[in-house]
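Here's the structure we're looking at; comments come further down.
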Amino acid sequence: MLQTKSNSWINLVLLGVLFAASSLLASRSVRASVALQDTCPQLDWREKTTGSFVILYTINHIQLAEEIQKNTLPVIEDELTRLQQALGQSLVTPITIRIYPSEAEYYCLNAFAPAISSEDFHSHIGSREIALLAEVINLQKMYWETYAVNAFRHQVAVLYGELISDGAAPPGLLQGFGGYLEDPAQTFNPRYQAAGEMTAPDRSWQRLLEEDIPASDAVTMFQQTSLVAFLIDLYGWDDFMAFLTRIPEVQGYRQAILDVYGVNLQDLQDYWVQYFPVYVQHRWQANVIHNYDLTQYDQLIAGGAYSDAQAQIKAALPLIELFGNQEKVERANHLLEKAGVGVEASALALAARQSILDGDFQTGLGYADRSLQLYQQLGDTRRETEIELYRQICTEVLALRAEVEKISGNAAPLDPVRTEQLILIGQRLAELGDREGTQQVRLALLLLGIGQQNIIRWVTVIGVLLSAFLIWRRFWAALRQDYGLGDLL
């Protein structure tokens, strides 16, 4: 009897555990039990087609469909075209916009729909449908009118995330990407205030990325958006796209993070915790789609990192030209030109140094003069002393070479003053590293030396001849006196 009761208790416990587990696993799709009871209403769907979108709605919501078609989709259509260019791929069109009467129909017609709450305006189904909840929209009509464009921006981003990741991106990452593509100037403050004006994250990346939490959960959504902003802000738009692409290839976001960013999840999360207060204070304003931050390039240029600034601006310019206003584009091009001047100035300074090492001082002087001029144009004096030294070396060498030529052309042999000048010039040219000029001095000294030897030789010959002549005269005079040979002459 006791054994029977024990078995009954065990069976009850097991059944309870199984029930809890099944409830957790089915929490996403079975929240609306109507989906399991086969009580879905038969809805008469109407259709409006516009550009890349087709709107499906019931007759009771024709006004909402018309407002979306007239007021919202022209903006989204334009941005979608530019987004396709930026990403290099297109969503499968037409993209369906289905206006569900309420949450019940949303769950009833979509067994594996992402989780939403009674406060959510919008969601998505797969990678081709944007879902709208008419009941929620009608309850907050005024707010919807100001938020509608950003709602579609959000869901277009989510659809792109699904497409790029081949459906493998975790739901929280998709929500964060959607939040990032909303215009922060319009959505940050309401979201920040709804999140309780938080200044520090309270959830781990694992929870933020993996849990399917409705977008109306402001605390979660705020942190998910900051997470994506952190990755794009720190590593760039292209690396974030590479991250999404890598997820299905390695079957998980953790390995994709390590492969693309070279940092493990825990370390990257620690960096994000440090970034979060900065995001709250001001970095939320920086957004590669809606407000590309050019101050980072100003800082690089101000620090003399011209090559880095040039490379980064070139990489960013396509996005800036696609989404930035005319003023932003002009500013970016101005910074690119400024960085280019710095790169050229740096290259010329290096070329001047190399020319000096190669002994081409005339060319080196030209490079140094041009480099100094460009740095002065930028107002950058950090390398002025270095380049002035190059100019001084080149100028002095060229002047000394000219002096050697002058002395070599005018110096008479056995001129000790000019010879001493040449020796001193040769010593200075050797100190300046001018091998060619030093050789020029040696040649001049050699030529002077040859002239001296010729003079000594001729003086010697003339002296010998003169001595011989005098000896011969004395000998002849003696013969004439002794033998009377004078008349013969």
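The values are calculated or read from the model by the stated rules, or taken from the named source; none is laboratory data. The structure presented is a predicted model; accordingly, all values stated were derived computationally and were not measured. Cβ coordinates were reconstructed from backbone atoms using ideal geometry, including for glycine residues, and neighbour counts include every protein chain displayed.
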**Message:** Six or more apart or on different chains, Cβ atoms under 8 Å: show the pairs whose first residue is in segment 420-446 and farther than 10 Å from Val404 by Cα and whose second is surrounded by fewer than 20 Cβ atoms within 10 Å (Cβ to Cβ) and among the acidic types (Asp, Glu).
**Reply:** Arg428/Glu396; Leu432/Glu396
**Request:** Name the one entry in Gly179, Gly161, Gly172 that is assigned by TED's automatic domain parsing to the domain that holds Ile99, assigned to a helix (DSSP H, G or I) and in contact with a His (Cβ under 7 Å, 6 or more places away or on another chain).
**Result:** Gly179
**Item:** Sole exception among (1) out of contact with any Gly (no Cβ under 8 Å at 6 or more places or on another chain); (2) closer than 14 Å to Ile76 by Cα for Arg153, by number
**Value:** (1)
**Prompt:** Going by the structure shown, is Gly172 buried (at least 23 other Cβ atoms within 10 Å of the Cβ) and touching a Leu at 6+ places or on another chain (Cβ under 9 Å)?
**Reply:** yes
**Message:** Let me confirm something: among Gln206, Gln224, which residue is among the polar types (S, T, N, Q) and either without any contact (Cβ under 8 Å) to a residue 12 or more places away in the chain or surrounded by fewer than 21 Cβ atoms within 10 Å (Cβ to Cβ) (or both)?
**Reply:** Gln206
**Prompt:** Which residue, of Ile116, Ile95, Ile125, Ile130, is more than 36 Å from the chain's Cα centre (by Cα), of a type in the set (Val, Ile, Thr) and either modelled with pLDDT of 90 or more or assigned by TED's automatic domain parsing to the domain that holds Leu43 (or both)?
**Reply:** Ile116
**Item:** Counted residues, segment 305-316 - those being surrounded by 17 or more Cβ atoms within 10 Å (Cβ to Cβ) and over 8 Å from the mean Cα position of the chain (by Cα)
**Value:** 2
**Complete:** The residue that is farthest from Ile393 (Cα to Cα), considering only those in segment 330-382 that are aliphatic (A, V, I, L, M) and loosely packed, with under 14 Cβ neighbours inside 10 Å, is Leu350
**Message:** For segment 364-373, check the following and say yes or no: at least one residue is under 30 Å from Trp237 (Cβ atoms), part of a helix (DSSP H, G or I) and either at pLDDT 95 or above or touching a Pro at 6+ places or on another chain (Cβ under 6 Å) (or both).
**Reply:** no
**Item:** Yes/no for Glu321 being among the charged types (D, E, K, R), more than 23 Å from Glu388 (Cβ to Cβ) and part of a helix (DSSP H, G or I)
**Value:** yes
**Asked** modelled with pLDDT of 90 or more, among the hydroxyl-bearing types (Ser, Thr, Tyr) and within 18 Å of Val278 (Cβ to Cβ) - does that describe any residue in segment 173-180?
**Response** yes
**Fill in**
For segment 431-442, the count of residues that are closer than 13 Å to Ile393 by Cβ and among the aliphatic types (A, V, I, L, M) equals 1
**Request:** Identify, by number, the condition in (1) at pLDDT below 90; (2) out of contact with any Lys or Arg (no Cβ under 9 Å at 6 or more places or on another chain); (3) surrounded by fewer than 11 Cβ atoms within 10 Å (Cβ to Cβ) that Asn410 doesn't meet.
**Result:** (2)
**Request:** Could you pull out the residue among Ala131, Ala157 that is closer than 21 Å to Ile62 by Cβ and crowded, with 22+ Cβ neighbours inside 10 Å?
**Result:** Ala131
**Request:** Kindly indicate which of Ala195, Ala215 is modelled with pLDDT under 95, surrounded by fewer than 22 Cβ atoms within 10 Å (Cβ to Cβ), of a type in the set (Gly, Ala, Ser) and over 25 Å from the mean Cα position of the chain (by Cα).
**Result:** Ala195
